[in-house]
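This report refers to the structure that appears directly beneath it.
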């Protein structure tokens, strides 16, 4: 196999991501059992990101998470493995998801949303594991209406073979094709070959990542998050590493780069500084539609199952539908 490894570097926070991606983080928090209000003992002082602690409150007070905050000009993919997330936003949409679900949100011209981590288990830990990825939007789509889709864990494509467990959050692998992204996503055009996989290898197993359909036009990166070491094209790599790959070779975030200027300031991602300034002015003037929820850090009742509320229509996962 030809050497596809272009570089190896330490895994930062956030992860270093190539165009069309903007940002990627991995959250792993060992939250304790929750109290009657689904709360945890406080760890920090208002902006808690101390990775030496067993868990973090982030911007939450007693319930960890991220109370209402604005976005414009990009998308978020929140790929969950364990735990639950309560979503609420300025368009009146909401949801509780986790345990393998994927939420894909297009901020577009502007949305305010909250992401809270309710500790629903009273008698056991509330471990949270998830990835959040920011995917850029091209200039022509930065001002589209906000939207989100929910891909339930029961429907997200998976493959288990020869000691390899693979989840296809976006893109495709062999006959496993990811669920449709939002309409205006850069990933909605198959020609852009946007791919997000989670690959878990048992000791002694191996996996070949095929070349991108668009060859070296794609940018590709591997993030080795947990484990001890792996062999990548004959090169030993230790955990917590970013591995940049030649997408034209066998070896994964990957995708055709958008190739436009990126100006990011806090929660806004546009093409020019003037557009960033306009985003702040628009938010101050309109609050992107306002906040329709009674709390900035909105959470739902403990016994509320996983659900997605699209304004006036509520959906639940197939497993909950079949058990009701």
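The values are calculated or read from the model by the stated rules, or taken from the named source; none is laboratory data. Remember, predicted model here, so these are calculated numbers, not experimental data. With ideal geometry, Cβ positions are generated from the backbone for all residues, glycine too; neighbour counts draw on all protein chains shown.
Per-structure values
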quantity	calculated
Residue satisfying condition, being closer than 18 Å to residue 139 by Cβ, surrounded by fewer than 17 Cβ atoms within 10 Å (Cβ to Cβ) and at pLDDT below 95, within set 257, 261	257
Tally, over the range 267-289, of residues that are loosely packed, with under 11 Cβ neighbours inside 10 Å and under 24 Å from the mean Cα position of the chain (by Cα)	0
Residue within the range 281-297 that is modelled with pLDDT of 95 or more and touching a helix residue (DSSP H, G or I) at 6+ places or on another chain (Cβ under 6 Å) present	no
Subset of the range 111-142 (residues that are under 23 Å from residue 225 (Cα atoms) and in a loop (DSSP other than H, G, I, E, B))	117, 125
The range 158-177, residues that are part of a loop (DSSP other than H, G, I, E, B), buried (at least 19 other Cβ atoms within 10 Å of the Cβ) and out of contact with any helix residue (DSSP H, G or I) (no Cβ under 8 Å at 6 or more places or on another chain)	none
Residue match in the range 143-152 (condition: outside any strand (DSSP E or B) and either more than 26 Å from residue 276 (Cα to Cα) or not assigned by TED's automatic domain parsing to the domain that holds residue 33 (or both))	yes
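The rows are residues; the columns are (1) more than 17 Å from the chain's Cα centre (by Cα); (2) part of a loop (DSSP other than H, G, I, E, B); (3) over 25 Å from residue 313 (Cα atoms).
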position	(1), (2), (3)
28	no, no, yes
35	yes, yes, yes
38	yes, yes, yes
62	yes, yes, yes
71	no, no, no
77	no, no, no
96	no, no, no
108	no, yes, no
